[in-house]
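Chemist: One structure follows; several queries about it will come next.
The values are calculated or read from the model by the stated rules, or taken from the named source; none is laboratory data. The structure presented is a predicted model; accordingly, all values stated were derived computationally and were not measured. Every residue, glycine as well, gets a Cβ built from its backbone with ideal geometry; the counts of neighbours run over all protein chains shown.
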Amino acid sequence: MRDQLLAALDARLSRIAGEDFTPVLEPEAVAEARRLADVLDADDGLGHFVLGWFHWARTLALPSEQAPPEAEAALAAFATYFRYVEGEPDAANGTYGMPAELVAAVVDAAAPRAVRLAEELAAEPEPVLAHAAVALWLRVIAATPPEHPARAARLSTLAAVLRERFQLLGDWPDIEAAVELGRDAVADTPRDAPHRSAVLSTLGAALLDRSGHFGAADDLSEAVTLLSEAAGADADARQTAATLANLGGALRRRFLAAGDPADLDAAVDAWAEAAALGGERQPARLVGLANALLTRHGHRGDPADLDAAIGWLAGAVERAGDDRAFAHAFATLGIARHTRFEERGDPADLDDAIDAGRAALAATPEPGPARASHLLHHGLALRARHRLGGPDEARAAADAAEGASAWQEAHAMASAPAGLRVEAAARLSHLHEEEGEIGRAADAAEAAVSLLPLVSPRRLRPAEQRSALGRYPGLASRAAELALADPRHAPPARAERALRLLEAGRAVLLGQALETRDDLAELRVHHPELAERFVTWRDWLDRADTDAADTDALPAGADRARPAREVARVLAEIRARPGFEAFGRPPTVEELRGQAHEGPIVVLTCGERAGHALLLTPEGVRALELPALTAPLTARRVDALRHALRLARSGRLRAQRLRGQATVNAVLEWLWDAAAGPVLDALGIAGPGADGSWPRVWWVPGGLVGLLPLHAAGHHSDPAEAPNRRTVMDRAIPSTVPSVRALRRAREHLARLAERPAEPARGLVIAMPTTPGLPGGGRLRHAAAEADLVAQQAAETVLLTTQDGHPNAAGAPTADRVLAALADRSLAHFACHAEGQDTDPARGRLLLADHAERPFTVGTLATARLERAELAYLSACHTAAGATNGLADESLHLTSAFQLAGFPRVIGTLWEVDDRIALDIAESFYARLATTPAHAPAALHATIRTLRDAYPNLPTLWAAHLHAGA
């Protein structure tokens with residue numbers, strides 16, 4: 001019956017023409033409407049939509065004294081429709097031809113119902129109510145004209161309900177939309193408006209939530225500014241308390257990010273003031289106050305803060321009036337009790353912590369960020385009690401099982417922040433490994449690695465991406481080691497899985513950049529519009545890919561999040577087209593194996609108990625165990641090398657300098673014994689063949705091994721005439737790459753160059769004989785001579801130099817001038833100073849003429865598209881040296897930046913090089929190069945071997961230079 005009645009009313013509405021409302025005024029029409037209202041379910045959106053328009057049409061047709069009941073019936077039907085239906089109805093253009101102003105009037109009249117719904121959601125958050133509120137408010141906004149006096153307040157309310165839904169379900173587009181709507185609301189609210197405090201507070205809270213989910217420091221800073229302004233504005237006690245609570249949360253989080261103790265004290269004060277104002281949200285504010293006190297306790301160690309936090313939490317539990325406040329209070333109480341157990345050792349605290357965690361989870365049944373956080377901390381408490389042991393073996397086993405289940409659920413929760421999911425999976429992996437379940441440990445570690453790109457999405461600024469990844473050092477290497485030990489699979493399958501994990505979990509930032517740098521030629525032929533959109537948004541995103549990005553470079557109204565979203569959206573569209581499913585995706589293991597056709601590729605990893613080499617050849621992948629290449633031993637060799645380099649370079653006594661050289665040689669010998677020697681022996685690489693041709697080998701070191709001169713490993717004191725001399729450079733021509741995928745891209749670039757008509761080499765030489773701002777002008781006595789000899793390598797060379805009066809100089813090498821000149825050059829040579837950064841290698845820089853104002857860093861090359869590039873020679877210090885901290889796996893340095901920008905072959909250095917020796921190396925290299933960049937690996941190899949033979953006991957002179965790329 002419902003369908004027949006609905007069709008009848010729909011037909012009547014469709015017959016309305018101009019002022020003729022006869023179809024809805026007939027007695028039969030009213031009877032049909034009453035019968036339809038009787039049979040409609042509450043969630044029958046289309047039925048209520050049609051019924052609403054029927055009564056609204058009668059409102060317009062009837063005399064004014066008869067219209068009010070019809071209007072009430074219309075609004076009741078529309079309110080039900082708006083509450084439960086998010087999609088547009090499939091009926092007569094959606095409004096039966098009603099004028100836009102009438103549609104606006106309907107929604108305007110429904111706005112009070114929307115306000116009540118938003119209040120219900122804030123008081124009792126639950127998903128159905130959240131969906132209903134969002135659906136209704138979207139329609140209210142859509143029908144509110146720009147000049148409407150309530151538009152700004154309505155935008156702010158929609159932002160608030162989207163934020164509530166994000167907190168419930170963790171769907172990140174909700175918080176993105178909340179921030180954008182909040183910005184619009186603030187922009188449209190006059191400074192003297194009485195509701196400005198609420199609008200500022202809503203935007204500040206949304207930015208705070210977005211910062212918590214993605215880790216964006218800019219969001220956090222802006223949230224503090226907005227909430228501080230809102231807290232100082234006139235508002236009622238309820239609004240003031242809400243603003244102070246959000247401000248306290250923002251200040252605490254900023255302390256955690258930046259470490260300013262003043263922020264922490266201010267956070268405690270803000271939360272205390274908010275809690276003192278009382279109200280129905282007081283329990284939640286007591287929890288916020290306790291969290292701030294716990295953080296201050298962790299910073300200062302004052303036991304009074306810890307005890308006070310537990311006291312406030314007990315009060316919050318007693319006063320909690322809804323499940324969310326109750327759960328939050330119990331979860332935080334569990335953390336506090338666990339903390340006190342760790343400090344004071346009372347098992348009763350640990351028992352209470354576990355009971356509190358269970359209560360929190362029972363009150364948070366729905367998946368989402370809150371439940372995931374509760375699960376993670378509950379698992380930690382259970383694990384602590386399991387390790388505590390005791391006579392009750394059954395309870396210990398149950399604790400271990402419950403903790404594993406908690407972490408399993410947390411890492412599988414798609415709506416939780418990626419960092420929390422990674423931590424849960426990593427802890428689960430360690431738990432399984434301790435229990436001897438290596439297969440399950442490997443699976444959990446793989447799950448953690450697969451989430452690393454989500455930890456550092458491109459919507460974050462580069463520094464924030466690096467900070468996020470730096471929290472998980474060695475994760476990929478550990479996952480690979482577990483994969484190699486997994487007894488469920490045969491050795492070849494283990495090796496392939498380990499390779500896939502290392503490719504996915506190391507050089508993550510480089511991999512994300514490579515995703516948007518693949519060849520667009522085929523896409524431009526078949527889908528030119530998609531190619532244009534992709535390039536447009538990719539380039540806007542890359543313009544924001546520096547730590548000092550100018551937001552004016554982005555489209556109007558866009559922040560970094562928008563181009564990141566658009567790139568992801570257009571990538572999905574491209575991959576939906578036949579033949580482009582793999583566009584920008586990481587290569588498969590089979591495709592990686594195809595990169596070994598010119599020589600084997602060796603992917604190294606060092607674990608806590610042993611290291612491994614994955615030997616990639618055309619026949620497949622196999623693993624070679626390297627027992628001596630452990631993480632602790634490798635770390636000690638890195639420290640020894642760094643200390644030795646300082647002695648060799650600046651030791652006051654000759655004996656100190658010689659001791660430094662001897663230590664470097666000892667490191668090279670250990671590196672041969674622990675890694676390079678066993679690998680080359682296993683590959684059967686013993687030196688040049690009978691025809692004098694040299695074999696090649698590509699090293700993918702990763703992690704701490706990447707800080708060592710693997711290309712120079714060996715016992716260089718062996719007699720020159722000894723067969724199978726124990727050094728890398730006497731066995732093969734070595735090259736280094738950050739990942740196999742990067743090598744593949746370099747070769748694809750060379751293949752595209754080969755398809756182009758032959759052109760004369762075009763060079764760019766940057767020479768800095770003096771450098772502004774350095775002691776003594778940073779004089780490089782031989783930079784000018786180096787520039788002159790390089791200029792002879794190309795038919796056309798542009799020279800940028802600080803040397804006054806040079807006849808060929810085109811100007812001082814500023815960052816912008818160098819970037820512009822690189823665009824059409826095949827050869828680039830830099831003879832200048834450089835600075836490395838141990839803890840943040842992406843800030844390593846070439847010191848050009850304007851280095852103080854415009855540093856030429858890794859990020860400077862983010863926008864470069866160098867289609868003719870063939871060879872870059874970085875005759876400067878530390879250009880291939882990566883990080884010594886949690887970013888060691890990322891291969892972030894100037895050499896990899898030039899590779900990403902388009903240079904398939906790069907000469908870089910691991911440490912400071914002598915100016916005179918640098919000239920000799922460059923002179924020999926270019927003489928052997930004979931203007932053919934393809935000879936670069938062999939030319940450098942022969943040059944370094946010759947220099948080594950001349951100074952075998954001075955490895956700092958010849959072991960720094962390396963070849964990276966194809």
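Chemist: Give the stretch 301-313 a look and list any residue that's touching a residue at least 12 places away in the same chain (Cβ under 8 Å) and over 17 Å from Ala329 (Cβ atoms), or say none.
Modeler: Pro303, Asp305 - these are the residues of the stretch 301-313 that are touching a residue at least 12 places away in the same chain (Cβ under 8 Å) and over 17 Å from Ala329 (Cβ atoms).
Chemist: I need the helices (runs of 4 or more DSSP H) fully contained in the stretch 347-457, keeping only those with at least 1 residues that are of a type in the set (D, E, K, R), touching a His at 6+ places or on another chain (Cβ under 6 Å) and in the same structural domain as Arg324 (by TED's automatic domain parsing).
Modeler: Numbers: elements: 347-362, 369-388, 393-411, 418-434, 438-450, 452-455.
Per the criteria, 393-411.
Chemist: Would you pick out the residues in the stretch 662-702 that are crowded, with 18+ Cβ neighbours inside 10 Å, part of a helix (DSSP H, G or I) and in contact (Cβ under 8 Å) with a residue 60 or more places away in the chain?
Modeler: Across the stretch 662-702, the qualifying residues are Val664, Asn665, Leu668, Ala674, Ala675, Pro678, Val679, Leu683.
Chemist: If Asp788 meets every condition in (1) in contact (Cβ under 8 Å) with a residue 60 or more places away in the chain; (2) in the same structural domain as Ala809 (by TED's automatic domain parsing); (3) not in a loop (DSSP other than H, G, I, E, B) apart from one, which number is that one?
Modeler: (1)
Residue-by-condition table, conditions (1) part of a helix (DSSP H, G or I); (2) closer than 30 Å to Gln595 by Cβ; (3) outside the structural domain of Leu647 (by TED's automatic domain parsing); (4) in contact (Cβ under 8 Å) with a residue 40 or more places away in the chain:
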residue: Thr931; (1), (2), (3), (4): no, yes, yes, yes
residue: His935; (1), (2), (3), (4): yes, yes, yes, no
residue: Ala938; (1), (2), (3), (4): yes, yes, yes, yes
residue: His941; (1), (2), (3), (4): yes, yes, yes, yes
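Chemist: Please list, ordered by first then second residue, the pairs with beta carbon atoms under 6 Å, 6 or more apart or interchain, first in the stretch 810-826 and not assigned by TED's automatic domain parsing to the domain that holds Leu861, second crowded, with 17+ Cβ neighbours inside 10 Å.
Modeler: none
Chemist: Mind listing just one residue for me: the one in the stretch 932-966 that is of a type outside the set (A, V, I, L, M, F, W, C), in contact with a Leu (Cβ under 9 Å, 6 or more places away or on another chain) and surrounded by fewer than 16 Cβ atoms within 10 Å (Cβ to Cβ) and, of those, farthest from Arg762 (Cα to Cα)?
Modeler: Kept after step one, since they are of a type outside the set (A, V, I, L, M, F, W, C), are these residues of the stretch 932-966: 932-933, 935, 937, 941, 943, 945-946, 948-949, 951-953, 955-956, 961, 963, 965.
Narrowing the set further to residues that are in contact with a Leu (Cβ under 9 Å, 6 or more places away or on another chain) leaves 933, 935, 948, 951, 953, 955-956, 961, 963, 965.
Then keep just the ones that are surrounded by fewer than 16 Cβ atoms within 10 Å (Cβ to Cβ); that gives 951, 953.
Values: Tyr951: 34, Asn953: 38 Å.
So the residue we want is Asn953.
Chemist: While we're here: Of all helices (runs of 4 or more DSSP H) completely enclosed by the stretch 1-109, which ones contain at least 3 residues that are surrounded by 18 or more Cβ atoms within 10 Å (Cβ to Cβ) and at pLDDT 75 or above?
Modeler: On the way: elements: 2-14, 22-25, 27-39, 45-61, 67-84.
Filter on the stretch 1-109 gives 2-14, 27-39, 45-61, 67-84.
Chemist: (1) surrounded by fewer than 18 Cβ atoms within 10 Å (Cβ to Cβ); (2) touching a strand residue (DSSP E or B) at 6+ places or on another chain (Cβ under 8 Å): which one isn't true of Val728, the others all being true?
Modeler: Unmet for Val728, out of (1) surrounded by fewer than 18 Cβ atoms within 10 Å (Cβ to Cβ); (2) touching a strand residue (DSSP E or B) at 6+ places or on another chain (Cβ under 8 Å): (1).
Chemist: For the stretch 752-762, does any single residue satisfy the condition of being outside any helix (DSSP H, G or I) and either at positive phi or not assigned by TED's automatic domain parsing to the domain that holds Cys832 (or both)?
Modeler: Within the stretch 752-762, none of the residues are outside any helix (DSSP H, G or I) and either at positive phi or not assigned by TED's automatic domain parsing to the domain that holds Cys832 (or both).
Chemist: Shifting gears a bit: Being charged (D, E, K, R) and surrounded by fewer than 17 Cβ atoms within 10 Å (Cβ to Cβ) is the filter; apply it to the stretch 266-284 and report the residue that is modelled with the lowest pLDDT. First the steps, then the outcome.
Modeler: Of the stretch 266-284, the ones charged (D, E, K, R) are 269, 273, 280-281.
When the remaining residues are screened for being surrounded by fewer than 17 Cβ atoms within 10 Å (Cβ to Cβ), the result is 269, 280.
On the way: Asp269: 93, Glu280: 75.
Step by step, filter the stretch 266-284, then rank; the result is Glu280.
Chemist: Is there a residue being closer than 19 Å to Thr202 by Cβ and in contact with a Leu (Cβ under 7 Å, 6 or more places away or on another chain) anywhere in the stretch 275-285? Outline the logic, then answer.
Modeler: Quick first cut of the stretch 275-285, residues closer than 19 Å to Thr202 by Cβ only: 277, 279-281, 284-285.
With the extra rule that they be in contact with a Leu (Cβ under 7 Å, 6 or more places away or on another chain), the set shrinks to none.
Checking the stretch 275-285: not a single residue is closer than 19 Å to Thr202 by Cβ and in contact with a Leu (Cβ under 7 Å, 6 or more places away or on another chain).
Chemist: Of the residues that make up the stretch 263-283, is at least one in contact (Cβ under 8 Å) with a residue 24 or more places away in the chain, assigned to a helix (DSSP H, G or I) and within 24 Å of Leu361 (Cβ to Cβ)?
Modeler: Yes.
Chemist: I've got another one for you. Regarding Leu658, is this residue of a type in the set (A, V, I, L, M, F, W, C), crowded, with 19+ Cβ neighbours inside 10 Å and closer than 24 Å to Thr727 by Cβ?
Modeler: Taking the combined requirement at face value, the residue does not satisfy it.
Chemist: Of everything in the stretch 703-744, what is under 29 Å from Gly505 (Cα atoms) and either aromatic (Phe, Trp, Tyr) or assigned to a loop (DSSP other than H, G, I, E, B) (or both)? Give them in sequence order.
Modeler: Leu708, Pro709, Ala713, Val728, Ala732, Val737, Pro738, Ser739
Chemist: So if I check each of Ala485, Ala447, Ala426, Ala495, which one is at pLDDT 80 or above, under 26 Å from Pro701 (Cβ atoms) and crowded, with 23+ Cβ neighbours inside 10 Å? Working first, answer last.
Modeler: Details: Ala485 fails: crowded, with 23+ Cβ neighbours inside 10 Å; Ala447 fails: crowded, with 23+ Cβ neighbours inside 10 Å; Ala426 fails: crowded, with 23+ Cβ neighbours inside 10 Å.
Going through Ala485, Ala447, Ala426, Ala495 in turn, just one is at pLDDT 80 or above, under 26 Å from Pro701 (Cβ atoms) and crowded, with 23+ Cβ neighbours inside 10 Å: Ala495.
Chemist: Continuing with the same structure: Kindly list, by first and then second residue, each pair from a residue in the stretch 44-72 that is within 18 Å of Arg15 (Cβ to Cβ) to a residue that is in a helix (DSSP H, G or I) and of a type in the set (Asp, Glu), limited to pairs with Cβ atoms under 6 Å and residues at least 6 apart or on different chains.
Modeler: Partner pairs satisfying both residue conditions: Val50/Asp10; His55/Glu70; Arg58/Glu70; Thr59/Glu70.
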